[in-house]
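Some notes on the structure that comes next.
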Amino acid sequence: MKLSVILITKNEALNLPACLESVAFADQIVVVDSFSTDNTAEIARAAGAQVIQTADWPGFGPQKNRALAAADGDWVLSIDADERITPALAAEIQTILQAAHTADAYEIPRKSWYCGRFIEHAGWAPDYVTRLIRRGSATFSDDLVHERILVNGTTGRLNTPMLHYSFRDFSQVLSKVDLYSTLSARQRYAKGQRSSVGKAVLHGFAAFVRTYLFKRGFLDGGHGLALAISNAEGSYYRYLKLWLMQQQQAGSDGASAGVLSSKSNPLRTPTDKAL
């Protein structure tokens, strides 16, 4: 059985070498790059990867479907540039490929790094993500962000975790909170969801309570508290940006209505209403 590894990139020169080294056991590596301005593409080619560069950005889900379409292995392993496949996990994956009777997809547990340590609670562990799929049995959802693999068949689970270096420092936390909250707000707005400042506050508070108390983030000490706060910020800004989009659209509609009104009665002046 042939294994293809797929990933999408944008300025991932820092993460990519270790990522590609961890999947060197694969038969094919496909990198779909959004015309990085660093040497991401050169690093990928030097590692033997097939590099496809795209000028547009359709969202995480559609971009990953492009990578999936370019894979020709019997099985496909989807990873992100900040993830690592350990030797033990590689061995387990190879065992799956050699098995006579397997599922159509497999979830892999993930250990995620947050500013200095791997988080053991707060909803981050165990964190099962569907990543290994039999080619032709699954696609990615069309979501702009937080895309999912949609499996047409049975799903099993592997035992060995992959490593996810999601947040190396707090500057990266802030930049990702900003990016993902913007994309999520756009996605929700397109689906017809609406918000308010009050809803934004409530969602932020609920995210903190859920992460720190219900999912026992407090057991991760100071890092658990910091994570709960950043989760609250992400949720707050997601719904605040959604509310702002509504305000901007309302203002645009109002301006358009004013222009149409003036065109329909060009002789009307601001004092006409008082008269």
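Put simply, when 1-11, 113-123 are sorted by average Cβ atoms within 10 angstrom per residue, most first, you get 1-11, 113-123.
Please sort 24-35, 212-223, 231-242, 47-58 by packing, taking for each peptide the average over its residues of neighbouring beta carbons within 10 angstrom, highest first.
Numbers: 24-35: 19.3, 212-223: 16.0, 231-242: 21.8, 47-58: 14.1.
So the order, starting with the most tightly packed, is 231-242, 24-35, 212-223, 47-58.
In the range 128-189, what percent of the accessible surface is made up of carbon and sulfur (1.4 Å probe, ligands and nucleic acids excluded)? Reported share for carbon and sulfur atoms: 49 percent. Axis of helix 170-190 versus longest Cα principal axis of the chain: the two differ by about 60°, to the nearest ten degrees.
Work out, in µm²/s and without decimals, the Stokes-Einstein translational diffusion coefficient of the range 1-150 at 20 °C, 1.002 mPa s, Rh from Kirkwood over C-alpha pairs.
Details: Rh = 15.8 Å.
The calculation lands on 135 µm²/s.
Can you give me the angle between helix 60-70 and the longest principal axis of the chain, using Cα atoms only, in degrees from 0 to 90, rounded to the nearest 10? Taking the Cα atoms of the chain, the angle to 60-70 is about 40 degrees. Residue pairs exceeding 19 angstrom between C-alpha atoms, taken from LYS199/LYS241; LYS176/LYS199; LYS176/LYS241: LYS176/LYS199.
Taking label points 7 Å from Cα along the Cα-to-Cβ direction, HIS146 and ASP74 give a separation of 3.7 nm. Here the simple spin-label model places points 7 Å from the Cα toward Cβ, and for ASP27 and VAL201 these points are separated by 5.9 nm.
Computing FRET efficiency as 1/(1 + (r/R0)^6) for HIS101 and GLN249, where r is the C-beta to C-beta distance and R0 is 35 Å, gives about 0.05.
Computed per residue of the chain from DSSP H runs no shorter than four, each worth -39500 (n - 2.57), the mean residue ellipticity at 222 nm is -14000 deg cm²/dmol.
Given the range 1-156, what percent of its DSSP beta bridges are antiparallel, to the nearest 5? The answer is about 45 percent antiparallel.
Which percent, nearest 5, of DSSP beta bridges in the chain are antiparallel?
Numbers: 16 of 37 bridges.
Restricted to the chain, the bridges split so that about 45 percent are antiparallel.
Think of a 1.4 Å ball rolled over the protein heavy atoms: the chain then has 51 Å² of accessible area per residue. Positive contributions from Lys and Arg (+1) and negative ones from Asp and Glu (-1), summed over other residues with Cβ under 14 Å from the Cβ of VAL5, come out at -1. Inter-part distance, the range 31-92 to the range 122-197, computed on C-alpha centroids, equals 16 Å. Apply the Kirkwood formula to the chain: the hydrodynamic radius equals the inverse of the mean of 1/r over all pairs of different alpha-carbon atoms; give it in Å with one decimal. One decimal place: 21.1 Å for the Kirkwood radius.
Can you compute log10 of I(q)/I(0) for the range 25-71 with the Debye formula, treating each Cα as one identical point scatterer, at q = 0.22, 0.25, 0.32 Å⁻¹? Evaluating at q = 0.22, 0.25, 0.32 Å⁻¹ gives log10 I(q)/I(0) of -0.78, -0.95, -1.22.
Multiplying each eigenvalue of the alpha-carbon gyration tensor of the range 110-192 by 5 and taking the square root yields semi-axes of 24, 22, 9 Å, largest first, rounded to whole angstroms.
The values are calculated or read from the model by the stated rules, or taken from the named source; none is laboratory data. No experiment lies behind these values; they were computed from the predicted model shown. Methodologically, a virtual Cβ is constructed for each residue, glycine included, from the backbone with ideal geometry; neighbour enumeration extends over all protein chains shown. With ligands, DNA and RNA removed, areas are computed over all heavy atoms of the protein, side chains included. Shrake-Rupley method; radii C 1.70, N 1.55, O 1.52, S 1.80 Å.
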